Amino acid sequence: MKARIWLGAGIVVAGLTALVSIGNARPQGPGHSDPSRYGHSDRVERHMLPAVSTGPMAPVWSPDGRWIAFSMRGDIWKIPAEGGEAIALTSGPGDYFEPAWSPDSKRIALSMDTGNANLDIGIVSVDGGTVQRITTDSAVDVEPVWSHDGKSIYFVSPRGPGRGESFHIYRHDLASNTDEQIVAGIQPAVSPDGNQLAYVAPERGRLGSGGIWVKQLPSGEPRLVHYEESEYRMRPAWTPDGTSLMYVSDEGGSNDVMIVPVAGGNPERLTADARDEYEPSPSPDGKRFAFVSNRAGATVLYTAGIGGGPFSSWTAVPIRSRKPVIPTGRVHVTVLGPDGKPTPARIYITASDGRGYAPEGGFQRSIAATGTPYFQTTGTFDVNVPAGQTRIEALKGYEYRPSSVKLDVTAGGTKSATIRLARLADLPARGWYSGDTHIHDLHQGRFGLTHQTFFDELRAEDLHVTNALIHMDGTRLMGRWDDLTGKPSPLSTPQYILQYAEEFRGLLGHISILGIKRFIMPLTGGVPNTSYAQPTLDAMYIDSAHAQGGIAGFPHPYYSLVKTPAQAASTLIPVDAALGKGDYYDIGAVWSDEYSSAEMYYRLLNCGFRIPATSGTDNFSDVWRDPPPGTDRTYVHVKGPLTLANWFAGIKAGHTFGSTGPLLFLDVAGHEPGDEIALASSAARTLKVSANAVSIAPMSQLDILVNGKVVRSITPSNAADSLKLAFSDTVAIPQGGWIAARVIGPSSRYIGDGYSFAQTSPVYVVRGGHQYISAEDAHFLGEAVDAVWTKEEHAPWRTDAERDRFHNEIVRARAVYQRLEDQAKR
């Protein structure tokens, strides 16, 4: 988590009055950011690890063929195979996933999150009751399956030397309570005779999370059965005769159930719906298989004949009633805006069992950084919750105060409530409009997200401008080709604009390309084992965006504090900036660190590059464990009516601030961010600076920066003051340069990123016609450019000409920094 937040140089923690402190050294930041819940990569957290869903997930047939078990609403349920009453076997406060029937049909193994930011393996009786926890390692343990004799459980974990992303399959012996490492891989499946293990593991030199392998137990050599570029969705399952494996493939453009011989050969498609099908489980008699589909949004449980077929041949398994462990009641809630009308909003529900819940068929989600469950509503909703006291809280972006109610819910009853939202600030009335430069709608999430559902999310977050970026992950398109039209989505309104755009993903950083009419191809560069394996200069993408009337900038710049030029060389930003490329810089992003990115931003500003400060979330809007759109948003002072062109113009003018929550405004001698103040050499050495910040989440400090150094800091005197900070005083800027403001604060359940942060673009000060340049920063960035070439000189270049072209741009950029360093030293 982004939890360890530096509070600034010279900060004094005081009692009853806010203090102003003075400093002139570069602050030392947290140095690392991790917005994950379990400490793994974004793909593992978002795609591999289990999810809570309002619909069934991970179905598995009982050995006698009478029941199907599945996870739903955080519990393990069982239902007759033909449908009927679903019976819960578990209850809160923990969440339970991935059921696996024991061979004797008496127990179910499962994975579980008991609230300690870890996943373990447990066992529960098929009649319900206490869950026996059988693994206790600090690493995540998931994907349990039973051995053929029922004496052990196979599971997946990154425990052991190296940990990290190195997942292995282990066997837990129930009698001795010991674990044995079996093989590197995920998603184990034991053959019907117990002699073989199928699983998913990478093949050297190939993209994706892995192909399907089979090995003899206990210690045979692995054999590759089938490989394709996968994204943690394969989950192989044996047919009862042991001759074939069912699995999930997205080779056809959506996730479909496939079947392939265990001996290897050509796979065949069993489902071919436009939406996604997941997690096939063959019936014990081999006549049917169960699976889930997201064609209705939330997943629905189906069965089909073993030979598969179109949607018309599927049979839904109806859940006619539910029998939870804790009896439930219903809450009926309406959220009203300041005008007294129902308004879209984000909702947090904390039920009597400590868990979150969402409406039937809704999209239940969780903010990874804090573990906070949430969903979005269009204004009115009904939710079934366990009987007892339930707290319901509504939020709407960062310009409305959160509001909540508590209800005593009775079993079988319905409680109604109205939540009224009041404004914290009305920024559109002042010409300021929030937007997000970097959102993804479709990214292998298990919820069937439609255009309308996506747009409803944006309105619930009060996000006025959304740039939804289509991109390539490996060689898989994430998004829809047809969505990029160069025009706002037909769903857009005068106050809420959605337009699709592109993200170029290169080995040396990504580029967000907004406002374009046509894709700029290829969508990737530097992807190993493809035709685009060589490093790619991203300046071409920026120039092509301009040629189409769009803008292009730098998303999620730096994940941790950049202490050396070699670390800065992880992206081409120092090269692009030197060559005059890049229209904005996303200081805020979920998968980078705000403080670390800001430190590099200050170096760029100190070399005279006037790049506006922005923020873009980089969330996956169809994924359960991810924050909402607009978590990291850009506020733009728009001149005239809200249009995408005017919003872009405000960015290019630098009239911006980027934020993970706080609303931050800066005035320097009557000028706003992006403006230039020209002073005579003899003019006063100080300027009047005012900065104001308000926030729905606590703030620890408001900083005034001059040329990258904190010169003033305001800290709150108590908790109440932490939601509003202000500074007004003269600030010295004897050499000219730039003045900006920022806010830092702790983690909060109201913040989707790891901590509160806001950064304004600078007000630029030119004294005596001379631009301020830092020799130290020019030298550092020049060495970063050198480090880029050191790293890429021997890359897999297709031709010498392409290598030389890349090197020529490096030489040009290096010369810029050398000139700036020489200029600063004169």
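The values are calculated or read from the model by the stated rules, or taken from the named source; none is laboratory data. Remember, predicted model here, so these are calculated numbers, not experimental data. As a convention, Cβ positions derive from the backbone with ideal geometry for all residues, glycine included, and neighbour counts pool all protein chains shown. Heads up: the accessible areas ignore ligands, DNA and RNA and are worked out on the full protein's heavy atoms, side chains in. Shrake-Rupley method; radii C 1.70, N 1.55, O 1.52, S 1.80 Å.
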Among the residues of the range 797-821, how many are assigned to a helix (DSSP H, G or I), open to solvent by 70 Å² or more (accessible area, probe 1.4 Å) and out of contact with any helix residue (DSSP H, G or I) (no Cβ under 8 Å at 6 or more places or on another chain)?
6
When residues of the range 556-614 are limited to those that are within 22 Å of His637 (Cβ to Cβ) and of a type in the set (Val, Ile, Thr), the one surrounded by the fewest Cβ atoms within 10 Å (Cβ to Cβ):
Ile611
Applying the selection to the range 721-754, what residues are part of a loop (DSSP other than H, G, I, E, B) and either without any contact (Cβ under 8 Å) to a residue 12 or more places away in the chain or among the aliphatic types (A, V, I, L, M) (or both)?
Ile733, Ile751
Condition (residue is charged (D, E, K, R), touching a Ser or Thr at 6+ places or on another chain (Cβ under 9 Å), buried (at least 24 other Cβ atoms within 10 Å of the Cβ) and on the phi < 0 side of the Ramachandran plot) applied to the range 768-790: is it met by at least one residue?
no
Identify the single condition in (1) farther than 19 Å from Ala304 by Cβ; (2) open to solvent by 10 Å² or more (accessible area, probe 1.4 Å); (3) modelled with pLDDT of 95 or more; (4) not charged (D, E, K, R) that Gly253 does not satisfy, given that it satisfies every other one.
(3)
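Residue-wise test of (1) part of a loop (DSSP other than H, G, I, E, B); (2) hydrophobic (A, V, I, L, M, F, W, C); (3) within 26 Å of Pro574 (Cα to Cα).
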site: Phe609; (1), (2), (3): yes, yes, yes
site: Pro629; (1), (2), (3): yes, no, no
site: Lys639; (1), (2), (3): yes, no, no
site: Leu666; (1), (2), (3): no, yes, no
site: Ser681; (1), (2), (3): yes, no, no
site: Ala684; (1), (2), (3): yes, yes, no
site: Ser690; (1), (2), (3): no, no, no
site: Ser713; (1), (2), (3): no, no, no
site: Asn718; (1), (2), (3): yes, no, no
Taking the range 138-149 and keeping residues out of contact with any Phe, Trp or Tyr (no Cβ under 6 Å at 6 or more places or on another chain) and more than 15 Å from Val60 (Cβ to Cβ) leaves Ser138, Ala139, Ser147, His148, Asp149
Of everything in the range 182-225, what is assigned to a loop (DSSP other than H, G, I, E, B), more than 13 Å from Arg171 (Cα to Cα), free of Cβ contacts under 8 Å to residues at least 60 places away in the same chain and open to solvent by 50 Å² or more (accessible area, probe 1.4 Å)? Give them in sequence order.
Pro192, Asp193, Asn195, Pro202, Glu203, Arg204, Glu221, Pro222
Of (1) charged (D, E, K, R); (2) open to solvent by less than 10 Å² (accessible area, probe 1.4 Å); (3) closer than 25 Å to Leu89 by Cβ, Arg346 satisfies every one except (3)
Using beta carbons and a limit of 7 Å, which pairs, at least six apart or on different chains, have the first residue in the range 690-704 and without any contact (Cβ under 8 Å) to a residue 12 or more places away in the chain and more than 10 Å from Ser722 (Cβ to Cβ) and the second one open to solvent by 10 Å² or more (accessible area, probe 1.4 Å) and not in a loop (DSSP other than H, G, I, E, B)?
none
Of the conditions (1) open to solvent by 40 Å² or more (accessible area, probe 1.4 Å); (2) touching a residue at least 24 places away in the same chain (Cβ under 8 Å); (3) over 30 Å from Pro50 (Cα atoms), Arg459 clears all except one; give me its number.
(3)
Residues Asn707, Asn718: which one is among the polar types (S, T, N, Q) and within 30 Å of Gly608 (Cβ to Cβ)?
Asn707
Can you run down the residue pairs with Cβ atoms below 6 Å, 6 or more apart or on separate chains, where the first is in the range 55-81 and closer than 18 Å to Arg446 by Cα and the partner is modelled with pLDDT under 95 and open to solvent by less than 20 Å² (accessible area, probe 1.4 Å)?
none
Taking the range 411-456 as the region of interest, how many residues are open to solvent by 30 Å² or more (accessible area, probe 1.4 Å), outside any strand (DSSP E or B) and not basic (Lys, Arg)?
12
Scope the range 54-94; condition touching a Lys or Arg at 6+ places or on another chain (Cβ under 7 Å) and of a type in the set (D, E, K, R); matching residues:
Glu85
Since Ile326 meets every condition but one in (1) more than 34 Å from the chain's Cα centre (by Cα); (2) over 30 Å from Gly242 (Cβ atoms), which condition does it not meet?
(1)
Mind checking whether some residue in the range 756-763 is part of a loop (DSSP other than H, G, I, E, B), open to solvent by less than 10 Å² (accessible area, probe 1.4 Å) and either free of Cβ contacts under 8 Å to residues at least 40 places away in the same chain or within 26 Å of Thr370 (Cα to Cα) (or both)?
no
If I go through the range 684-708 residue by residue, how many of them are under 31 Å from the mean Cα position of the chain (by Cα) and of a type outside the set (Ser, Thr, Tyr)?
14
On the basis of being out of contact with any Asp or Glu (no Cβ under 7 Å at 6 or more places or on another chain), modelled with pLDDT of 95 or more, among the basic types (Lys, Arg) and open to solvent by 10 Å² or more (accessible area, probe 1.4 Å), does Arg66 make the cut?
yes
Expected single match for open to solvent by less than 10 Å² (accessible area, probe 1.4 Å) and out of contact with any His (no Cβ under 9 Å at 6 or more places or on another chain) among Thr370, Thr390 is Thr390
Evaluate the following for Ser230: is it touching a helix residue (DSSP H, G or I) at 6+ places or on another chain (Cβ under 9 Å) and either surrounded by 15 or more Cβ atoms within 10 Å (Cβ to Cβ) or part of a strand (DSSP E or B) (or both)?
no
Only one of these conditions is not met by Ser283: (1) surrounded by 21 or more Cβ atoms within 10 Å (Cβ to Cβ); (2) among the polar types (S, T, N, Q); (3) touching a residue at least 60 places away in the same chain (Cβ under 8 Å). Which number is it?
(1)
If you go through the range 256-274 one residue at a time, how many are assigned to a loop (DSSP other than H, G, I, E, B) and open to solvent by 70 Å² or more (accessible area, probe 1.4 Å)?
4
Single match in Ser138, Ser209 (criterion: under 25 Å from Ala117 (Cβ atoms) and out of contact with any strand residue (DSSP E or B) (no Cβ under 8 Å at 6 or more places or on another chain)):
Ser138
Do we find a residue being acidic (Asp, Glu), open to solvent by less than 10 Å² (accessible area, probe 1.4 Å) and touching a Pro at 6+ places or on another chain (Cβ under 8 Å) anywhere in the range 519-539?
no
Pairs needed: first member in the range 310-330, under 26 Å from Arg269 (Cβ atoms); second member anywhere, open to solvent by 80 Å² or more (accessible area, probe 1.4 Å) and among the basic types (Lys, Arg); C-beta distance under 8 Å; at least 6 residues apart or different chains.
Phe311/Arg295
Looking at the range 288-310 only, could you name the residues that are over 25 Å from the mean Cα position of the chain (by Cα) and hydroxyl-bearing (Ser, Thr, Tyr)?
Tyr302, Thr303
